[in-house]
Amino acid sequence: MKPVFATIAIIGAGAMGRGIAQIAAQAGSVVRLIDNNPQAPLQAKDLLAEQWGKLVDKGKMDASQAQACQDRIRPAQIAEVTGCTLVIEAIVEKLEVKQALLAQLEDLVGETAILASNTSSLSITHIGAALKRPQRLAGFHFFNPVPLMKVVEVICGLKTDPAVAQALIQFTREIGHTPVQAADTPGFIVNHAGRGYNTEALRLASEGVADFQTIDRVLRDQVGFRLGPFELMDLTGLDVSHPVMESVYHQYYQEARYRPSVITAQRLAGGVLGRKTGQGFYRYFDGKAEGAVEPPAPVVAQLPPVWVSPRAARRAELLQLLKDLGAQIETGVSPSGQALTLVAPLGFDVTTVAVVERLDPARTIGIDLLIEDAATRRRVLATNPATRSDMREAAQALFARDGKAVSVIRDSGGFITQRVVATIVNIASDMCQQGICTPTDLDTAVTLGLGYPLGPLAMGDRWGPANVLEVLFNLQTVYGDPRYRPSPWLRRRGAIGISLRHEEA
Ligand code: NAI
């Protein structure tokens, strides 16, 4: 079956234009490829031929199909857009340049032709302001590399005709990708929802809670992220990720939730960008990161008895775990003079809990139990400034007895996982509150666009909207920072205990 747009034009034959051309040609559209650099469409066609050659070698396509795709790519001049029913621009990311091009296209194409912009950071409404008929312009945001990144954001500006978005949604499906619909807001869905992961990790590092590598290990092993935030920033490069953090922050008029970090600003200024410069948060030799080897857990001959606070999160589960680890558990109303004292707060720091519960801080250690122990590959303990080293070592030795990795971090409200997960869930909830997209599209866009193990709302559901809310309330108390203010959308759902993916009638 022929796709809804039989002949399309793509202006800008760079990384994105070429990728879009590939999947459109594979789906059967004829693609006129246009660029102000006359060599670019020809080079793109050669690169695509190589690409299809590889697919033939892998047996994913036969030679005649590859040839047919090749034949559908037609390097062209701008005047040849006339007969195209869809024109996608993927040129340089500059408002005035995009506006000038689209205004020129408007006079060349037919009445019913659709104009689409692959912009990742400009407002569709603003781009459309230069057009006589902004109704026919929509955002059509692909991700890099296009053939592998299966999600496309379709964005309506204030004046976009909804039928234009519907046609792009249908075309997205025909070319084998998944469409999601976003309101015309800074960062659309993926680049907005992705703010929590890096910014909160940077915040933790700047407070000295743990080093970059430990934060990466914890988020990989506890939550299941494929890459830790610092590994991810090294891969993307700070020349790309720091400006995105700044852009979303400023476009939202300095909203505290998106506040960037001086850590990345300084590194960017110093050219410490990541893999591409050989040094980022890690050093790279022959393309491989040099990481410190994790020291083994200490061996402690005689472990002290253990007492667990009655207010610990997942207390029954923690007691069972201690039993399985062979700990001697105290059952008194308060700990004996020798006991290692365990607390498991949500959002609060270990210091505050020791004070409020009148525990001896020298023997008090915290454990992060937002996520159930069985679902993680690492346990995270936190000391407070008064914790004795023998107690820290005893706790570390005890929790490593079954071979599971253990990290010990400095005291901070919410440990690492709680803070990062709660921030991600809160930003996503606020996006739903603002009506940027549906809860379903949000989770789809984030899992496909960012590769998270779960969508942000599914993450909140998995570990409990009420728990996430409690983490945020308590973080606000500890830090007095509006960045932890829970979105009303999350508050309502957390308070009555319904799924974050529940869509209101
Ligand atoms: P690129 O630099 O690889 O390619 C841009 C192409 O457009 C170049 O071949 C250039 O010669 C051509 N061009 C520039 N101005 C032109 C004009 N006025 N008329 C005709 N051709 C012109 O850039 P890339 O990475 O492909 O990005 C293109 C667009 O896609 C930008 O708006 C960017 O923000 C957006 N985008 C980029 C992503 C990425 O990861 N690279 C992801 C999603 C969107």
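Here the relative contact order of the chain, from alpha carbon pairs under 8 Å that lie six or more residues apart, stands at 12 percent. Here the 3J(HN,Hα) profile of the stretch 335-351, calculated from phi with Karplus coefficients 6.51, -1.76 and 1.60 at θ = phi - 60°, is x, 6, x, 9, 5, 6, 9, 9, 10, 9, x, 10, x, 6, 8, 5, 4 Hz, Gly and Pro shown as x. Over all pairs of different C-alpha atoms, the chain has a mean inverse distance whose reciprocal, the Kirkwood radius, equals 25.1 Å.
When the chymotrypsin sites (Phe, Trp or Tyr not before Pro) in the stretch 96-194 are filtered for DSSP coil states and for at most 12 other beta-carbon atoms within 10 Å of their beta-carbon, no site remains. Between helix 417-433 and the chain there is an angle of about 40 degrees, using the helix long axis and the longest principal axis of the Cα atoms. Partners of Lys132 within straight-line reach, counting aspartates and glutamates whose Cα lies under 15 Å from its Cα and excluding those fewer than 8 residues away in the same chain: Glu106, Asp107, Glu111, Asp161. Between the listed residues Ile367, Gly270, Thr444, the Cα displaced farthest toward the positive end of the dipole of the chain, a dipole computed from Cβ unit charges relative to the Cα centre, is found at Ile367. A helix-only calculation puts the chain at -13000 deg cm²/dmol for mean residue ellipticity at 222 nm, using -39500 (n - 2.57) for each DSSP H run of at least four residues, averaged over all residues. Of the trypsin sites (Lys or Arg not before Pro) in the stretch 110-199, the ones in a loop by DSSP (not H, G, I, E or B) with at most 11 other beta carbons within 10 Å are Lys132. Can you give the percent of C-alpha pairs in the stretch 153-256 whose distance is more than 22 Å? Roughly 48 percent, rounded to a whole number. For the chain, the Cβ-based charge dipole about the Cα centre amounts to some 260 debye (Lys, Arg positive; Asp, Glu negative; other atoms uncharged). In terms of other Cβ atoms within 10 Å, Glu503, Glu470 run from fewest to most in the order Glu503, Glu470. Checking every one of the trypsin sites (Lys or Arg not before Pro) in the stretch 46-93 against DSSP loop status and a limit of 11 other Cβ atoms within 10 Å picks out Lys58, Lys60. With a cut-off of 12 Å between beta carbons, the residues surrounding Asp161 carry a summed charge of +3, where Lys and Arg count +1 and Asp and Glu -1. Basic side chains Lys and Arg get +1 at the Cβ, acidic Asp and Glu get -1 at the Cβ, and with that the dipole of the stretch 7-184 about its Cα centre reaches some 200 debye. Modelled label positions at Thr477 and Ala163, each set 7 Å beyond Cα in the direction of Cβ, lie 5.7 nm from each other. Helix 162-174 versus the longest principal axis of the chain: what angle, 0 to 90°, nearest 10, using Cα atoms? Orientation of helix 162-174: about 80 degrees from the principal axis. Only Lys, Arg, Asp and Glu carry charge here, each on its Cβ (+1 for the first two, -1 for the last two); on that basis the stretch 192-290 has a dipole of about 100 debye about its Cα centre.
Relative to the longest principal axis of the Cα atoms of the chain, helix 238-251 runs at roughly 90 degrees. Of the residues Ile175, Ile169, the one with the fewest other Cβ atoms within 10 Å heads the list, and the complete ranking is Ile169, Ile175. The order of Leu342, Leu158, going from fewest to most other C-beta atoms within 10 Å of their C-beta, is Leu158, Leu342.
Taken together, the values in this text are just the output of simple stated rules run on the coordinates, not laboratory data. Keep in mind it's a predicted model, so treat the numbers as computed, not measured. Counting neighbours? That spans all protein chains shown, and the Cβs are built from the backbone with ideal geometry, glycine included.
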